[in-house]
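The values are calculated or read from the model by the stated rules, or taken from the named source; none is laboratory data. In this text, all values refer to a predicted model and were calculated from it rather than measured experimentally. Neighbour counts are summed over all protein chains in view; Cβ atoms, including those assigned to glycine, are modelled from backbone coordinates with ideal geometry.
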Amino acid sequence: MAEQKAKQFLEQSPAEDAAAYAKNYKAHREGITPQESIIAYDQWATYDQDISNGRYRGALLAAEAVAQFFPVERESKLIMDVACGTGRVAEELRKLGFHKMHGLDPSSGMLQKARLKKLYEKDFCYYVDSKRLPIDDDVYDCVVVAGGFGEGHIPTAGLKEIARIVRPGGLVCIVMRQEYLDHVSDYKGRLEPTMKEMESAGLWKMISRTVVPKYSFDNDGVVFKFVVC
């Protein structure tokens, strides 16, 4: 399904859009392993250029969602940007008054580009799954994840680890392509049920689930927001 859709987009799109989409698909193709995805990001030298020009709106959508939750005192909020890549979310957050940010990404190549922008007070090169990160409990006012969920990306098992590092009353914001909920094998019938199980267990409470148009390469996205308990 995903491969067929990718082929159709490549055939129907202008050359520049098709080239950018091909690189994005390389990091998200069906059956890709986390290590293969990391290598694809490490080798994606034109990432910032390829996701510009309205092709990817995840960073903007994520920053706006975080800003809605924190209408005041943004400069004092400590944000963890998970799957931070080259720092596109942090760039948007800074425009909205957030300044205390940490970044985490499994791609050392992406982090090297982010460091040049001097957006993060700290950065961490780790892959998020069920294993405990070298980060204490209840550290952050917010964890934001834009584009970190997909084939070979953060698994369903990583949700609890994301919630663990957010203080009670803090925000978890996840922005992802809507179709991945059904097309990614690890997420189908698992990701949203796990979110609900975590709410039943008192780990967090969902405050919104919003479908947004033209999230990535004309595909709809979904923005989840949770308050950590």
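Annotations
- Considering segment 181-229, the residues that are touching a strand residue (DSSP E or B) at 6+ places or on another chain (Cβ under 9 Å) and charged (D, E, K, R) include one that is surrounded by the most Cβ atoms within 10 Å (Cβ to Cβ), namely K225.
- None of G97, G85, G31, G54 is under 16 Å from the mean Cα position of the chain (by Cα) and either part of a loop (DSSP other than H, G, I, E, B) or within 17 Å of G150 (Cα to Cα) (or both) except G85.
- Any chance R167 is in contact (Cβ under 8 Å) with a residue 24 or more places away in the chain, among the basic types (K, R) and in a strand (DSSP E or B): yes
Conditions (1) among the charged types (D, E, K, R); (2) within 25 Å of K122 (Cβ to Cβ); (3) surrounded by fewer than 18 Cβ atoms within 10 Å (Cβ to Cβ); (4) at pLDDT 95 or above, marked per residue:
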site	(1), (2), (3), (4)
D48	yes, yes, yes, no
R57	yes, no, no, no
L61	no, yes, no, yes
I79	no, yes, no, yes
V82	no, yes, no, yes
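- Only one of the numbered conditions (1) within 23 Å of S52 (Cβ to Cβ); (2) outside any strand (DSSP E or B); (3) without any contact (Cβ under 8 Å) to a residue 12 or more places away in the chain is not met by G150, and that is (3).
- Flag: M110 matches the condition of being of a type outside the set (F, W, Y), on the phi < 0 side of the Ramachandran plot and assigned to a helix (DSSP H, G or I).
- The set of residues in segment 184-226 that are at pLDDT 95 or above, among the charged types (D, E, K, R) and either under 25 Å from E30 (Cα atoms) or in a strand (DSSP E or B) (or both) comprises D186, K188, R190, E192, K205, R209, D220, K225.
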